[in-house]
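Q: There's a structure below that I have some questions on.
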Amino acid sequence: LLNFSRGAEDVRSFDDVARLKRQAPGLVVAPHPFFPSRASLLGRMNRYADLFDAVEYNAMFTASLNFNIPGERWARRHGKPMVGNGDVHVLEQLGTTYSLVDAELDPASICAAIAAGRVRVVSRPLPWLTAARIVTNMMVPSLGRLIGSPGPARASM
């Protein structure tokens, strides 16, 4: 949920998303819709297609394993733009996938441009070893550190 002035913090269901969209302007992006995880939208994409303004192209992919492809197909069939997202868990993911948006430099214009399809995804696949380290570190942080992952990005003060 992007650029909603109020109410996004109260969303707990798809009915809440629909209500929010009726009450305030903003952008609803379907996050990693077909990734193999409990957080994936999977079959709910079709059921709630009208709620989504765009579909995420997630940075977590390799040249030979890319769960974004079903999302791309879904977006094409439903006339929705793709939005590149780093979904950065570790710093080595930073800059591998992002969006270029043809818009004025303010949040409302950016969201309107994305909804209108004036967005281009820039991405490059992760090497297999990097992807394996990132996934391992996300699932079992202590094991991920043992195989050479720098661990999750941490802000320093």
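Listed here are the residues, each with its yes/no results for (1) in a loop (DSSP other than H, G, I, E, B); (2) crowded, with 17+ Cβ neighbours inside 10 Å; (3) free of Cβ contacts under 8 Å to residues at least 60 places away in the same chain.
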{"position": "ASN46", "(1), (2), (3)": "no, no, yes"}
{"position": "GLU72", "(1), (2), (3)": "no, no, yes"}
{"position": "ALA75", "(1), (2), (3)": "no, yes, yes"}
{"position": "LYS80", "(1), (2), (3)": "yes, yes, yes"}
{"position": "GLY84", "(1), (2), (3)": "no, yes, yes"}
{"position": "VAL88", "(1), (2), (3)": "yes, yes, no"}
{"position": "SER99", "(1), (2), (3)": "no, yes, yes"}
{"position": "ALA108", "(1), (2), (3)": "no, no, no"}
{"position": "CYS111", "(1), (2), (3)": "no, yes, no"}
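Q: Further question: Among the numbered criteria (1) touching a residue at least 24 places away in the same chain (Cβ under 8 Å); (2) surrounded by fewer than 16 Cβ atoms within 10 Å (Cβ to Cβ); (3) not aliphatic (A, V, I, L, M), which single criterion is violated by PRO33?
A: (2)
Q: Test each condition in (1) in a loop (DSSP other than H, G, I, E, B); (2) surrounded by 14 or more Cβ atoms within 10 Å (Cβ to Cβ); (3) not β-branched (Val, Ile, Thr) for GLY95 and report the one that comes out false.
A: Single failed check for GLY95: (2).
Q: Can you tell me which of (1) crowded, with 21+ Cβ neighbours inside 10 Å; (2) without any contact (Cβ under 8 Å) to a residue 60 or more places away in the chain; (3) farther than 22 Å from LYS21 by Cβ is the one LEU41 doesn't meet?
A: Going through (1) crowded, with 21+ Cβ neighbours inside 10 Å; (2) without any contact (Cβ under 8 Å) to a residue 60 or more places away in the chain; (3) farther than 22 Å from LYS21 by Cβ one by one, LEU41 breaks only (3).
Q: Quick one: which of ASN68, ASN3 is among the polar types (S, T, N, Q) and under 24 Å from SER109 (Cα atoms)?
A: ASN3
Q: Quick one: in segment 117-144, which of the residues that are open to solvent by 40 Å² or more (accessible area, probe 1.4 Å) and among the hydroxyl-bearing types (Ser, Thr, Tyr) is modelled with the lowest pLDDT?
A: The selected residue is SER142.
Q: Keeping to segment 31-69, report how many residues are small (Gly, Ala, Ser) and touching a helix residue (DSSP H, G or I) at 6+ places or on another chain (Cβ under 6 Å).
A: So the answer is 3.
Q: Separate question: Looking at segment 118-138, I want the residues that are touching a residue at least 60 places away in the same chain (Cβ under 8 Å) and have a partner that is open to solvent by 40 Å² or more (accessible area, probe 1.4 Å) and in a strand (DSSP E or B) with Cβ atoms under 6 Å, at least 6 apart or on another chain. Which pairs are those?
A: VAL119/VAL101
The values are calculated or read from the model by the stated rules, or taken from the named source; none is laboratory data. What you see is a predicted model, and the numbers here were worked out from it, not measured in a lab. FYI the Cβ positions are ideal-geometry reconstructions off the backbone, even for glycines, and counts take in every protein chain you see. SASA here: full protein model, heavy atoms, side chains in, ligands and nucleic acids out. Shrake-Rupley method; radii C 1.70, N 1.55, O 1.52, S 1.80 Å.
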